[in-house]
Structures are given as structure tokens and as C-alpha cells.
Amino acid sequence: MWDEARLFLLICLPFLGSVVVASLPRDARDAACLLTGLVALTCTLVIASFYSTMSEGTVVSTTIEWLPTIGLNFILRLDGFAWIMAGLVGLIGFLVVVYARYYMSPEDPVPRFFSFFLSFFGAMLGVVLSGNLIQMVFFWELTSLFSFLLIGYWSHNPGAREGARMALTVTGIGGLCLLAGVLILGHIVGSYDLDKVLAAGDKIRSDSLYRPALVLILLGALTKSAQFPFHFWLPHAMAAPTPVSAYLHSATMVKVGVFLMARLWPVLAGTEPWFWIVGGAGVCTLLLGAYIAIFQQDLKGLLAYSTISHLGLITLMLGLGSPLGVVAAVFHLLNHAIFKASLFMAAGIIDHETGSRDLRRLSGLIRYMPITATLAMVAGAAMAGVPLLNGFLSKEMFFAETIVEHVDSVFDEALPFLAVVASMFSVAYSLRFILGVFFGPPPVGLPRKPHEPPHWMRFPMEFLVLLCLLIGIFPTFTIGPILHIGVSAILGDRLPYYSLAIWHGFNYPLLMSIIAMIGGILVYLLLRGYLAQGEEGPPLLRGLKGQRIFERIMVTVSWKWARQLEALFGTRRLQPQLRLLVFMALAAATLTLYFDGFGPLWLSFAGLDLHGFDTAFALMWLVGICCAVGAASEAKYHRLAALAMLGGAGLATCITFVWLSAPDLALTQLLVEIVTTVLLLLGLRWMPKRIKEVDALTPVPLNVRARRAWDLVVAIAAGTGIAMLSYAVMTQPMPDSISSFFLERAYSEGGGTNVVNVILVDFRGFDTLGEITVLAIVALTVFALLRRFRPAPESMAMPEQQQLQIAYDDAHPDRNVGQTVAEYMAIPRLIMLWLFPVIAVVAVYLLMRGHDLPGGGFAAGVAMSISFILQYMASDTRWVEDRLRILPVRWMGIGLLAATCTGLGAWLFDYPFLTSHFQYLELPVLGKIPMASALLFDLGVYSLVVGATVLMLIAIAHQSIRTPKLPRKKLAASTTGGQ
């Protein structure tokens, strides 16, 4: 139980901390940093507390049932490999927080930065600890979202905005591919549980869907880890603040892709497609990244491309498909995170203290910042693979693995030579970083005079460099146990023998290292003169830029193709859009019936029995049809009459529901008709005036008549199809109908006799939660649009109060002008004001009875919103908002929170999310009354529907009813409570 509690703490604490930090004032820099550091340190200590458990090879797991019937459960799972990754996320995250405290400017909104940072921190832990593949994809996409916010933190910088957009686009598309691949993988296994997937390797590799699943999953992994040909986004992400770069591109964001490949290595590796795709992408990225890094003139650009190269090395090791390659990959994943985080911090210190990252302007800095220079040189040497440093050990493993035969091909034979070339490039750009920045003549023309940073800004770098030395000198005692825990979790009984000894004798890997070191020094010496004055980028690839290709693709897709589709299908008029939607639905239904056969549908009509024909029902629908036809014919010129007849057709629908024993639907339809009618009445004021006599003088063009005829055909066809389908559903015997399931279990399992409401709040409660969430989003969107909409005065009809005032003055010419329209409308206004408490009581009554009788949260919410809108119709907005503090956004927030907490409450009793419970309560006066937890969920639905409906109607009322104009800030405060 204690282990499970610690897992939940790891997931929840960062997100809770993010909310708290986001609420701090803009200038609360120290408080935000302190709170963020405490959260990161606490998570790191909690992760470290699992060391003994992980050493025993135990997998800690806890499951919360979410949607168990379709295999979606919230599972937290910690094994040795996840423990290593979580440790990197926590430890380097804490060090970056300490570093960022001194790096970020006081003018920056630092609490917002740390809020984004903690959210990303939590998303990374979510990916690492997920024991369900769908859950992992969810957190995977969260990392893309929060990395977008972190990269674009300096939104005033166009480069930051562009880098954030590029990163989100590439990794977001990869995330969609990953989701598709995971769905296929779950289909093959029959479960999304990670333990079951990892145990089904043979089944997955032998399935016909293995290749598409592999390609889609690898697209997600390769885009996230910036592997060729998706590597171009990472250098542009360097426009982010350096703490972001140090964190995202050393231990977290870009490591997620290689983490996924290592996580699924037992089930996906070992085949030729895996070898060629993963190995090919890895070797291309390894060489290309190292080559381009040499010619970068921006210090962070050099580190960015070196990151790409080292990620390619890890990917190549995983792609070889051998267990020893996995060991080398995990080892280098750890080493790279340590020395690359310290190098990014060194780059940030140099930029912070000199004002420049241009390698052509930086030199001789060891005179001014000797401690920082020493630390950076050690980290740079680790990146180059110098002996007695951690990078040397994993590079030796890499070399040893490349000389082993894997697949009989030219590519496999060339791997040792390609590895040496890539290592030569690594030595060259590491030398350039060390010698070019810290040695040579004193710098000239820097924006600031170089000097050492504050000690605590340098402390994270000191700690990481110390780790580089300890791992390089004492690998068996420092990193050995940790590495064993990680690779054992991946490989299990396939764990090969490996040695972390510093000296293995004079062998091929050592010879390759010597050649790489000498060759790298020669490459640097040959290019030193050119690099000192050269342009950005390598000479041979200067014209070939991934950004340019990306932009051309984006222009083609989002501009050319989108414009063509818009020209073909798009229009600003509502009628063609509705015509297209109705026609597509009609075509889909027709094709479905065509392939499944029209037989049952035609047989139901052939056996039409008019014996039970009800004349009254037919006459009622005849009235409804006349109202609908009249509304369509009068809508052009007499909109108010058309709206009234449209309400008549809706009333016929309500009566039909009552007639067919569906009182819940009838009640909801009636209330929605009222709200919709008010909505349309308010909107009619924006419609342009049409004069029938003027239009009659203008002949109707042929294309207009053809369009109307086509609309008539589509309408008749769609209406006939719906009528046929409805009749077939109501008359065909359905022995397997799901209605019996709900009828039999509504009371016994849901605790209510109103089957419709029990379905909404119990059996299909998750659907309802999603629907009210969508309703909240729609309401906020409508409000955001309407608060910026200002109708031109000449486009609106005469204000209603002005019309009534003129009518009053004409009828009473002898009265004083001071007798206003309020006196003219006193009685209707008074009635509408008094209806407020009456309707509120009715709404509460509908809410409380909804579980057993017609009613429920939705109907009660719509009814309550009617009481509010009547107040706006009776008086001007200022009068209402001075007396009623409505605050619809808070209603929405409380409703969504209540509905969600009702679902979460089931977890406290070890039931799936949104499981309902009911029992009878014995009260002294009322006696035994039924109570169900679904009532709390229904209360949330009620609150959200009230808030969403009132928010939209108030926004329209502010535009439609002419009152003393409120300032925009006053309007926002009156409707949102100042939120």
C-alpha cells in the first residue's frame, strides 16, 4: 500500500505544484523557485526510496479501474528501467530549477515559467510510469504540449514562437501515429496493459499487423527523439531559455523516444524491419548530427546537433537488436544526460555573463571564468569520449557492439568504420567547444565583461561534472548497480555478460577510440581557420535545410491544399454547409442500406398495418407539418411569424414524445424549445431587413431556382429516409435489443425507476461527462467570440425600448415626455421578475425527482437558465447584474468539478470510475427516501448546464438588447465574476 501511495504522489505532486505556482504573483520569483525546487526534490527522494525494491527486481504496480470493459484502466507501473528514467527526470529537474533561479531575469513572469516546468515534469513522469499504453500516449501528448509552452516561453521572440510551433507540429503528428500504432498493438494482444504486451512478443512479431504497428510506433518515437529525417525541429527549439534546453534536450523530451524504443524492445526488436528502420535512422542521425555540429557558430546550436548525434547513437544501438546493444544504449542514455545537461548549463552561463553565444566572438574565457571553464572542459571531454570520464565507457561498449555481426549485409560490415567517423566528428566539435571558447586571445566586443556566475548558479554544473568523474573512474561502484537494475528490467533472462572495467587490454574498441581521437584532432586542426570566419552550417549541406522543407510542406498543406478544399467545399453561408452535411448523412445511410440489403426496411413498409391508425395523432402531425412548411415559406420576410410557426412544429414533437410514452424527452424538448426561441429572437435583431415588394420586382435567377429545387429534393429524401428508418426501428422485432438490459437493471443496479436518467448518470455516465465538458468548451468559445462582436448601429433594427417609447408617445400625445416605456411595460415586466423564484423552485423539483420520474440535471439546468434570461428580457443588463450576481463560469466550474469528483469518489471504495451507489435513508418525518451518488453527478450536470446556457444567452443579450453600453472589462466581470 505504501508503494502505491508513493507512485500516486509522484504523479499528482507536480501537477498540484504547477497549479499553486501559477497562482503566485508575477514578481514572486523566489517563492515560485522554492516551491518548484521542493516539489522536484521531493519527487527525486521518493524515486530514490524505491532503490531497494528495484534492486530485488520487483515491479511495483497499482491499478485504478477506469473503463475496464474496454481495457482502459489507470495503471502506474515502476520497474528498473522506469526507475532509472524517473530518477533522471527528478534529479536533473531539481538541478535545473536551482540553475534557473539565477538564469531567469526578474522581468520575466517566472511563476508562469515554473508552472509550465512542473506540468512538463509531471507529464514526463506520467510517460515513464504508465502501465497502460493508451495512458502513456496521453502523457506523451502532454509532454508535446508543455514543451511547446516552454520553448515558446519568450513569446516576444519570433524564433521562440517558430521553434515551438515546429516542435509541436512534428511531435504532435508523431504522437497521432503512435496512438494508431498502440491501438493496433492492443488489438493484436487483446489488451493495452503493458505487462501483457511485454509478455506477447512472439505473438506480436508473427502477426500480419506487426509491420504497420511497428512503422506507426517508430514514427512516434523517431519524431520525438529528433531522428533523421525529423531531426530539424530540435535546433530551432534552442530559442527557448537555456534551463529549458538543458532539461528537455538532455534528460526528458528527446529521451522519450528512445525510452519508448527500449521499453518495447522485447516485443518489437529482433526482426529485419526493426533493424533497417531503427538502425538506418540511427546511423544517419549519428553521422549527420555530428557533421553539422562541427560547423555551427551558435554555442547552443553546436550542442543541439551533438544531442541529435548522440541520440542517433542510442537509437543505432537499440536497432542492432542484440542484448549487449541494449546495455550500451541504456548506459549511454545515462551518460549523455549527465554531461549534456552540464554543457547546456555552461552555455547558458557563458551567454548570461558575456551576452553572446557566437563562437566566432568567444575566446580566452578561461582568464575570466576559470572555474566554469574547467567544469565545461571536463564535460566536453566526456562528450568526446576521453578516458576516465563516463562518456568513454559507453563509447567503448558502442564500438564493441559495432564489430559484432548482426545481419549479413554491407551496412553491417560498414558499421565499425561509420562509428569511427562519427566519433572523429564528436572529438572535433568537442575540441572546438573547449579550445575555441576558453583558449586563445581575450574576447573583443562582447556585450558584457565576462566573469564568474554566482556559486549556486554553478552548483548544478559542479554536481554533474563530479558524476562524470566518479562514473568514469569508479564505474563498477557508482553506475554499475543502477545500470544492472535498468537493463535487467528490459532484458530479463536475456541479460548478457558485460564489464564496466576501465581497462580491457589492447583490443579493437580501444584501437577504434585511438583512431577516433587522432582523427578528430586532425579534423579540427584542418577546419580551425575556416570555422573562425565561416558561415553558419556545413558547406555541403548549407542549401539543404530541414526547416525549409518543413515550411514548404506546411505551405503546401495549410495554404494550397487547404485553400483548394475551402474553395471546393467551404463557404461563409450556413445553407450550403447544412446542405453538404445532410447530403453526406443521406449518402452514408443509403450506402449502408444498399450493402446490407433493403429487405427488412421494405418488408416493414409492405406490412404496414393501418388498423391502429389514430386520427387525432395524424391531425396533430398535420398541424406540425403545416407549421414547418409555413416557417420555411415565411422565414425570408416575416421572421417573427416563422419563428412562432417553428415553435409550433417543436410543440408537435413534444406532444409526440408524450404520445409515445417518452415524457423525459418531451420535457427536455419543451425546455430547449423555449431557450432556442429566446436565442433566435435575440439573434433576429442582427438580420438585415428584407422587403417583399422590392424583391418581387427582381426576377429570381435560374441558379437560385435550381438551388432551391435541389434543397427541396435533399430535404424530402432525408426526411423520407428518417421516417422509414424510425418506422423500421419501432416495428421490427428486436430480440437482442439493449433496451431490456437497461429496463431490467435500472433499479436493481442504478437505484432509479427513470430509465433514461439512470442511463445518463450511471450506465453511460462517462459519455455524459464528456458531453458536458464539450458543452463547457462551446459556451466559453461562444462568449469569447461574442464579447468581441460589435454590430454596426446601422445594421441593427431600432432598439426595442425606443420603438415602444415612440408607440407610447403616439398613443398618448397629451402625456408628459417623462412617462417612459418602463411605465408602458410595468405589468409584463413585473410578471417576468416574479417568475424567477417560481421557475427556480420548479428547476430544483425537476432535479430532485429526476432519478425516479421525468426530470434530471439537464432539464433542471435549462429550466433554471430560463429564469435568468427572463430577468434580462424584463430589464436592462445593468439593472439585472447590479441585483443578481450570476457568475456563470463559476457555475460551470463547480458543475464540472462535482461531476468529476463523483466519479473519483468511487475509487475510494475500489470501484471503477463513476460507479454509482444507492441506498434508502430513514428520515424522522419523511420516512424512507431513496438516495444515490448519481444525484451528485446530476447536480454537477445541472450546475454546468445552467452556467453554459446562461453564459451564452447573456453574451447575446449584451449585444442584442440596447442598454447603456458596458465597457468590455465590465462585461467580462459581470458574466465571469471577474475570473
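The values are calculated or read from the model by the stated rules, or taken from the named source; none is laboratory data. Remember, it's a predicted structure, so these values are computed and weren't measured experimentally. Neighbour counts are summed over all protein chains in view; Cβ atoms, including those assigned to glycine, are modelled from backbone coordinates with ideal geometry.
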Quiz prompt | Index of the failed condition, Arg432 passing every other in (1) surrounded by 12 or more Cβ atoms within 10 Å (Cβ to Cβ); (2) under 41 Å from the mean Cα position of the chain (by Cα); (3) closer than 26 Å to Ala262 by Cβ | solution = (3)
Quiz item: Of the residues in segment 16-40, how many are farther than 26 Å from Trp456 by Cα and either among the β-branched types (Val, Ile, Thr) or surrounded by 15 or more Cβ atoms within 10 Å (Cβ to Cβ) (or both)?
Solution: 1
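If only one of Val256, Val244, Val330 is β-branched (Val, Ile, Thr), buried (at least 23 other Cβ atoms within 10 Å of the Cβ) and over 27 Å from Leu393 (Cα atoms), which one is it?
Values: Val256 fails: over 27 Å from Leu393 (Cα atoms); Val330 fails: over 27 Å from Leu393 (Cα atoms).
Unique residue meeting the criteria: Val244.
Inspect segment 761-775 for any residue being of a type in the set (Ser, Thr, Tyr) and surrounded by fewer than 16 Cβ atoms within 10 Å (Cβ to Cβ) and give the result as yes or no. Write out each step before concluding.
Of the residues in segment 761-775, the ones of a type in the set (Ser, Thr, Tyr) are 768, 773.
From the residues that got through so far, the ones that are surrounded by fewer than 16 Cβ atoms within 10 Å (Cβ to Cβ) too are 773.
Yes, because at least one residue in segment 761-775 is of a type in the set (Ser, Thr, Tyr) and surrounded by fewer than 16 Cβ atoms within 10 Å (Cβ to Cβ).
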Practice problem: Working only within segment 150-170, note down all residues that are over 9 Å from Ala239 (Cα atoms), touching a helix residue (DSSP H, G or I) at 6+ places or on another chain (Cβ under 7 Å) and part of a loop (DSSP other than H, G, I, E, B). | Solution: Tyr153, Ser155
Quiz item: Which of the residues belonging to segment 138-157 are surrounded by 23 or more Cβ atoms within 10 Å (Cβ to Cβ) and more than 15 Å from Ser245 (Cα to Cα)?
Solution: Trp140
Practice problem: Please state which of the following conditions Trp276 fails to meet, knowing it meets all the rest: (1) buried (at least 24 other Cβ atoms within 10 Å of the Cβ); (2) of a type outside the set (Asp, Glu); (3) over 29 Å from the mean Cα position of the chain (by Cα). | Solution: (1)
Quiz item: Of (1) under 39 Å from the mean Cα position of the chain (by Cα); (2) modelled with pLDDT of 85 or more, Pro496 satisfies all except one. Which?
Solution: (1)
Practice problem: Could you tell me which of the residues Phe392, Phe433, Phe425 is part of a helix (DSSP H, G or I), modelled with pLDDT of 90 or more and within 14 Å of Gly519 (Cα to Cα)? | Solution: Phe425
Quiz item: Within segment 900-909, how many residues turn out to be more than 21 Å from the chain's Cα centre (by Cα) and in contact (Cβ under 8 Å) with a residue 40 or more places away in the chain?
Solution: 2
Quiz item: Has segment 556-574 got any residue that is surrounded by 15 or more Cβ atoms within 10 Å (Cβ to Cβ), outside the structural domain of Thr223 (by TED's automatic domain parsing) and modelled with pLDDT under 85?
Solution: no
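Return yes or no: is Thr63 of a type in the set (S, T, N, Q) and under 30 Å from Pro453 (Cα atoms)? Reasoning before the result, please.
Working: of a type in the set (S, T, N, Q): yes; under 30 Å from Pro453 (Cα atoms): no.
Considered against the rule, which asks whether it is of a type in the set (S, T, N, Q) and under 30 Å from Pro453 (Cα atoms), Thr63 comes out as no.
Can you work out which of the residues in segment 855-889 that are assigned to a loop (DSSP other than H, G, I, E, B) and within 17 Å of Ala840 (Cα to Cα) is modelled with the lowest pLDDT? Show your work before the answer.
Within segment 855-889, the subset assigned to a loop (DSSP other than H, G, I, E, B) is 855-856, 875-876, 884-887.
If we keep only those that are within 17 Å of Ala840 (Cα to Cα) too, we end up with 855-856, 884-887.
Details: Gly855: 85, Gly856: 85, Leu884: 69, Arg885: 72, Ile886: 75, Leu887: 82.
Of everything passing the filter in segment 855-889, Leu884 is modelled with the lowest pLDDT.
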Quiz prompt | Conditions (1) small (Gly, Ala, Ser); (2) touching a Gly at 6+ places or on another chain (Cβ under 7 Å); (3) over 27 Å from Tyr508 (Cβ atoms); number of the one not met by Ala428 | solution = (3)
Self-check item: Evaluation of Tyr192 against (1) surrounded by 23 or more Cβ atoms within 10 Å (Cβ to Cβ); (2) touching a Phe, Trp or Tyr at 6+ places or on another chain (Cβ under 7 Å); (3) more than 30 Å from Tyr305 (Cα to Cα) (one fails), failing number
Solution: (2)
Practice problem: At least 3 residues that are among the small types (Gly, Ala, Ser) in each: list the helices (runs of 4 or more DSSP H) lying fully within segment 207-305 that qualify. | Solution: 210-224, 280-294
Quiz prompt | Among (1) at pLDDT 55 or above; (2) acidic (Asp, Glu); (3) part of a helix (DSSP H, G or I) - the single one Asp736 does not satisfy | solution = (3)
Quiz item: What is the one condition in (1) out of contact with any Leu (no Cβ under 7 Å at 6 or more places or on another chain); (2) closer than 12 Å to Ile502 by Cα that Leu393 does not satisfy?
Solution: (1)
Quiz prompt | Check on Leu591, more than 27 Å from Gly650 (Cα to Cα), loosely packed, with under 13 Cβ neighbours inside 10 Å, modelled with pLDDT of 75 or more and not acidic (Asp, Glu) | solution = yes
Practice problem: Looking only at segment 500-511, decide whether some residue is over 44 Å from the mean Cα position of the chain (by Cα), aliphatic (A, V, I, L, M) and assigned to a helix (DSSP H, G or I). | Solution: yes
Quiz item: Among the candidates Val782, Val774, which residue alone is among the hydrophobic types (A, V, I, L, M, F, W, C) and touching a Leu at 6+ places or on another chain (Cβ under 8 Å)?
Solution: Val782
Quiz item: For Leu16, are the conditions met, namely being of a type in the set (A, V, I, L, M, F, W, C), touching a residue at least 12 places away in the same chain (Cβ under 8 Å), within 22 Å of Gly87 (Cα to Cα) and part of a helix (DSSP H, G or I)?
Solution: no
Quiz prompt | Looking only at segment 315-369, and only at residues there that are in a helix (DSSP H, G or I) and among the polar types (S, T, N, Q), the one that is nearest to Thr223 (Cα to Cα) | solution = Thr315
